[in-house]
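The values are calculated or read from the model by the stated rules, or taken from the named source; none is laboratory data. What you see is a predicted model, and the numbers here were worked out from it, not measured in a lab. Cβ coordinates were reconstructed from backbone atoms using ideal geometry, including for glycine residues, and neighbour counts include every protein chain displayed. When the accessible area is computed, the model is the full protein with side chains, heavy atoms only, and any ligands, DNA or RNA have been set aside. Shrake-Rupley method; radii C 1.70, N 1.55, O 1.52, S 1.80 Å.
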Amino acid sequence: MNGVDLPPSPPSLPIIGHLHHLLFFFLHHKSFQLHKSFHTLSSKYGPLLHLQFFFFPAILVSSVPLAYEIFTTHDVNISSRNLPTKEGYLLFDTSGFVTAPYGEYFKFMKKLTVTNLFGPQALEHSRSIRADELKRLYKNLVDKAKKKESVEIKKEAMKLIGNIICKMSFGKSFTKDHGETESFQGLFAKSSGSKKKMVLEILLFRQLDKLGISFFKKGVPGVYKKFDELLEKILLEHKEKPNMNGDTDMMDVLLAVYEDENADYKITMNHIKAFFVELIFGGLDTNVNTIQWTMAEIIDKPIIMERLREEIDSIVGKSRLIQETDLPNLPSLQAVIKEALRLHPPAPLVLREIQQGCKIGGFFVPEKTKLIINLYAVMRDPNFWEDPLEFKPERFLTSSRSGQEDVRNEQAMKYLPFSGGRRGCPASKLSYMILGTAIGMMVQCFEWRIQGEKVNMDDSYKGFNKTMAHPLTLTPVSRVSNLDLITSVNILT
Ligand code: HEM
């Protein structure tokens with residue numbers, strides 16, 4: 001190694017490069033889970049690998065020290081994704097925020113999102129939206145418990161998270177339609193099936209598309225056109241009646257910027273629409289999957305459930321619903337959620353691009369090389385995590401500086417469910433609030449009966465997310481005096 005060598009590379013084949021390693025995993029395990037295939041590869045050949053997929057060179061990062069180096073020394077250099085984009089798709093759109101390079105537009109929007117959506121003051125401001133949605137879910141579960149009906153946790157969580165994101169962003173419901181034939185929920189469900197097709201189209205068939213040949217002309221753009229129409233209608237309502245929900249929401253803010261001749265950046269309607277679609281896609285499955293995994297883990301381990309109940313009963317009691325301000329006093333609950341995110345990171349792979357040639361881990365990495373950070377592998381790095389494959393929330397209770405506080409050292413960079421650096425997830429605080437209160441309420445208010453002997457913990461990888469292969473279905477049994485709680489719940493379902 002002399003500083004100009006490329007990182008080590010596993011054996012490759014002509015033309016396809018290293019693709020066969022991923023295909024081999026797929027054939028062997030009968031499931032296509034990229035983060036696991038990459039983890040197998042890095043366990044065998046090392047934490048920093050140079051890979052080639054057809055014409056695309058990439059480096060794969062899979063250890064804590066390398067993640068630390070990347071998010072500190074090289075953060076600006078790796079803060080663009082350069083994902084393939086397509087105009088008019090809203091997701092993977094040319095006007096997207098997620099797809100934007102690290103430049104003027106990104107910095108402008110990031111500032112707006114921190115001030116108006118994800119920063120501490122904005123979160124304080126939107127607290128009542130989340131509290132109302134939590135009560136709605138609670139009331140729904142009480143009804144199910146009364147009828148002794150089972151619930152699919154994924155579906156309930158989807159309504160909770162979807163409504164929170166849509167109401168915080170533009171004051172509308174995720175589940176109900178808006179005088180149109182479609183709701184965001186319906187469109188999201190439809191788009192899930194077409195996501196794979198769309199990625200294929202964008203990634204593999206881009207060249208053909210340039211020649212006017214498209215394989216999925218009907219299915220894929222149709223859903224995004226309907227997202228466009230629905231958002232257009234809501235935008236018009238906001239234009240006609242700003243602050244229509246009695247308060248300024250993110251859509252009001254963006255419309256004001258759109259109409260401001262002197263704004264620092266001239267945004268378009270497509271910027272606004274793509275941003276909201278990205279929020280829904282970025283925030284929904286990630287949180288929904290975490291709620292499922294956390295419930296599955298604690299139901300599978302009754303001792304942990306017991307410990308959580310004791311903590312919540314002693315701090316919150318049984319006569320009122322848990323709320324966000326309780327969370328700092330519930331360390332075991334926070335630890336359980338952190339551990340679920342460590343073991344089951346909903347977005348296990350991060351894809352970026354190296355802008356300028358640089359040295360990583362002592363090796364040379366040329367410009368325009370794709371960078372794949374396997375968060376799943378980093379959070380199982382055996383040199384930094386004791387018993388990395390086990391669900392042990394107490395590991396987050398041993399130090400007062402556990403988790404992802406602002407400590408810029410390797411210990412902090414070992415825990416990365418929200419990734420790191422300038423392009424890390426902007427909604428980690430929001431997510432901890434949603435997850436803490438949702439899981440807290442389900443533990444505080446209900447016993448849970450499972451179907452069969454044990455929870456099936458098999459996982460799968462769908463639409464870039466690590467998810468449960470078998471959706472968690474449970475029957476709630478009320479454990480608190482509902483009357484006391486219901487009197488403080490005045491939400492129409
Ligand atoms: C458990 C919940 C969540 C997890 C684990 C998660 C994880 C992630 C990860 C790993 C990234 C990639 C960052 C990178 O490239 O390094 C990301 C980006 C992003 N997430 Fe999240 N996320 C969650 C919730 C949310 C929510 C609730 C929203 C919005 C409502 C959201 C919006 C975004 C956006 C806009 C980006 C792109 C940021 C950028 O390009 O700078 N996420 N998230």
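Of all residues in the stretch 63-76, one or more are within 16 Å of the ligand (Cβ to nearest atom), in a helix (DSSP H, G or I) and open to solvent by 50 Å² or more (accessible area, probe 1.4 Å).
Sort out which residues of the stretch 94-108 are at pLDDT below 95 and away from the ligand (no atom under 12 Å from the Cβ), and write them in order of number. Selection gives Thr94, Ser95. Within the stretch 472-488, the set of residues being at pLDDT below 90 and either open to solvent by 20 Å² or more (accessible area, probe 1.4 Å) or over 14 Å from Gln444 (Cβ atoms) (or both) comprises Ser481, Asn482, Leu483, Asp484, Ile486, Thr487, Ser488. Within the stretch 52-60, not a single residue is under 20 Å from the mean Cα position of the chain (by Cα) and open to solvent by 50 Å² or more (accessible area, probe 1.4 Å). Scanning the stretch 267-284 for residues that are more than 9 Å from the ligand (Cβ to nearest atom) and open to solvent by 10 Å² or more (accessible area, probe 1.4 Å) yields Thr268, Met269, Asn270, His271, Lys273. In the stretch 403-416, is there at least one residue being part of a helix (DSSP H, G or I) and among the small types (Gly, Ala, Ser)? Yes, the conditions are met somewhere in the stretch 403-416.
Residues of the stretch 80-99 that are open to solvent by less than 60 Å² (accessible area, probe 1.4 Å) and over 18 Å from the mean Cα position of the chain (by Cα): Ser80, Pro84, Thr85, Lys86, Gly88, Tyr89, Asp93, Ser95.
Tell me the residue from Asp326, Asp264, Asp300 that is more than 16 Å from the ligand (Cβ to nearest atom), farther than 30 Å from Ile59 by Cβ and surrounded by 18 or more Cβ atoms within 10 Å (Cβ to Cβ), please.
Asp326
Restricting attention to the stretch 109-124 and to residues that are in contact with a Lys or Arg (Cβ under 9 Å, 6 or more places away or on another chain) and open to solvent by less than 10 Å² (accessible area, probe 1.4 Å), the residue that is farthest from the ligand (Cβ to nearest atom) turns out to be Gly119. Look through the stretch 417-452, keep the residues that are of a type in the set (A, V, I, L, M, F, W, C) and either part of a loop (DSSP other than H, G, I, E, B) or open to solvent by 30 Å² or more (accessible area, probe 1.4 Å) (or both), and return whichever of them is farthest from Arg130 (Cα to Cα). Restricting to residues being of a type in the set (A, V, I, L, M, F, W, C) and either part of a loop (DSSP other than H, G, I, E, B) or open to solvent by 30 Å² or more (accessible area, probe 1.4 Å) (or both), the top hit is Ile450. Among what's in the stretch 330-367 and is without any contact (Cβ under 8 Å) to a residue 60 or more places away in the chain and open to solvent by 30 Å² or more (accessible area, probe 1.4 Å), pick the residue that is nearest to the ligand (Cβ to nearest atom). Filtering the stretch 330-367 for residues that are without any contact (Cβ under 8 Å) to a residue 60 or more places away in the chain and open to solvent by 30 Å² or more (accessible area, probe 1.4 Å), the one nearest to the ligand (Cβ to nearest atom) comes out as Glu367. If we scan the stretch 285-296, do we find a residue that is in contact with a Gly (Cβ under 8 Å, 6 or more places away or on another chain), part of a helix (DSSP H, G or I) and either away from the ligand (no atom under 13 Å from the Cβ) or under 30 Å from Gly88 (Cα atoms) (or both)? The answer is yes; a qualifying residue exists.
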